[in-house]
Amino acid sequence: MREVAGRSTTRVLFLLCIMYFITYVDRVNVSTAASVFGKELNLSNTQIGFVFSAFAYFYLIFQIIGGWIGDKFGPRRTLTVCSFIWAGATVLTGLSGGLVSMVIARMLLGLGEGATFPTATRAMSNWTAPGKRGFAQGITHAFARVGNAVTPPLVTWLMLAYSWRGSFIILGVVSFLWALVWWWYFRDNPRDHSGITTEEITPLPTYVGAKEAPATPWWPLMKRMAPVTVVYFCYGWTLWLFLSWIPQYFLHNYEMNLKNSAVFASGVFFAGVAGDWLGGWVTDRLLQKTGDLSKSRSIMVVVCNLAALASLLPILFVHDVTVAAVCLSLGFFFAEMTIGPMWAIPMDIAPKYSGTASGIMNSGSALAAIISPVVAGWIIDRTGNWDYPFIGSMGLMLVGALLAFTMKPQQKF
């Protein structure tokens, strides 16, 4: 274990895990803080929904552009610049004085974080052996879900200690520190890293940098990734509904206090941590045993989507906080099991353009991030029912399961 932890490849993966953790804390902290700043700024649930979704405006645009930038300029420079932008945006969120300034700060956050996951995929494609790609994607996204899980109690504690504004400023400073460490330690080409060993280099793929990669065939690549993008939109609808409204769901639907609602929300998000880790492990094991990308990627996504749908169904008929917590946890667990196979697919289909391809895919989730929180807030304002927004999630889980057959990861671009 000590030998594995001392490897440069392990340390790079750990740095990416920390980045995924920080980015999700910075993007979902408003969900917990909304109960306080919503009252202070006199915002309705629909307006709060716009604050949640504002993050995704630039986030959507910079999925594809950001993936291309990561491919062209390399993960070292790209992620350093991005992290400085999102760190500054987090600080500015704490300085906001109204709806407009809050929305602008969240848009800047989306600008900074837009290129992060596609660029991280580019880093992993060079630093990870092909047979461990599902695990790498699963473990990094598991850390993202740890960020989801700890954010409600963490932000609650920071708000009680330093106010909601102070909580954002502190989190922004942490992001600045990560950027400095990344620039100091990481190298785009693993073979340029002073600490890497021959044993680590041997299983790694041939390095593909900006000079080695051919010009990006934008339109053919977008057409090839279109089915994957639509499936990921279906997943993203549920993801952003959970990230935006779960803390408020327990707070208002079951009339809890802020601390208890944070605990229940954390329980749901920790289930996602387990789903991310297990999904990454299972997809790689299936690939090793069967050698079939269709079974290990597409079929696994089908099964997990249907399981998530079935898990959420009872909350529409039983109004009980324990039942809700269990159903939401199971639903999020199965939804997150799709992450490992889904994020491995861009590397399977187009390894030479993995940053751009993953950005195209993640634009589906970014589009869902714009629509899902606002629609949920509008439904809650119109009906007063906090369970109704999940009907849309169930429908899209079914659509995602059906369309997963069209992704065909076994067919190389």
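The values are calculated or read from the model by the stated rules, or taken from the named source; none is laboratory data. Since we're looking at a predicted model, the values are computed, not measured. Using ideal geometry, Cβ is built from the backbone for each residue, glycine included, and neighbour counts are taken over all protein chains shown. To get the accessible areas, we keep the full protein, side chains included, count just its heavy atoms, and leave off ligands, DNA and RNA. Shrake-Rupley method; radii C 1.70, N 1.55, O 1.52, S 1.80 Å.
Things to note:
- For the chain, the solvent-accessible area with a 1.4 angstrom probe is 38 square angstrom per residue.
- For Asn385 and Trp281, the difference between the fully extended length at 0.36 nm per residue and the C-alpha to C-alpha distance is 33.7 nm.
- The chain: most fluctuating residue of Leu111, Leu41, Leu154 per GNM, C-alpha cutoff 10 Å: Leu41
- Taking the chain as a Gaussian network of alpha-carbon nodes connected by springs under 10 Å, the highest mean-square fluctuation of the residues Val230, Val181, Val399 belongs to Val181.
- Ligands, DNA and RNA left out, the 1.4 Å accessible surface of segment 73-202 is 73% carbon and sulfur atoms.
- If R0 equals 41 Å, the separation of the Cβ atoms of Glu199 and Val173 corresponds to a calculated FRET efficiency of about 0.65.
- Counted residue by residue at 0.36 nm each, then reduced by the alpha carbon distance between them, the extension gain from Gln288 to Trp219 reaches 21.6 nm.
- The residues packed around Trp218, meaning those with a beta-carbon under 14 Å from its beta-carbon, carry a net charge of +3 if Lys and Arg are +1 and Asp and Glu are -1.
- Net length gained if the chain between Thr206 and Val399 were fully extended (0.36 nm per residue, minus Cα distance): 65.7 nm
- Summing charges over all other residues whose Cβ lies under 14 Å from the Cβ of Trp386, with Lys and Arg as +1 and Asp and Glu as -1, gives -3.
- Efficiency of FRET between Asp192 and Val323 - r from beta-carbon atoms, R0 51 angstrom, step 0.05: 0.40
- Derived scalar couplings between HN and Hα for segment 303-314 equal 4, 5, 4, 5, 5, 5, 4, 4, 5, 7, 3, x Hz in order, rounded to whole Hz, by the Karplus curve 6.51 cos²θ - 1.76 cosθ + 1.60 (θ = phi - 60°), x for Gly and Pro.
- For a modelled paramagnetic label at Met107, 7 Å from Cα along Cα-to-Cβ, the residues of segment 32-59 in reach, with backbone nitrogen under 18 Å, are 47-59.
- Rough spin-label spacing in nm, given labels placed 7 Å along Cα→Cβ, for Val181 and Tyr162: 1.7 nm
- Of Lys223/Lys289; Lys72/Lys412; Lys132/Lys352, those spanning more than 28 Å from alpha-carbon to alpha-carbon: Lys223/Lys289
- The distance separating the Cα centre of segment 20-99 from that of segment 326-389 comes to 16 Å.
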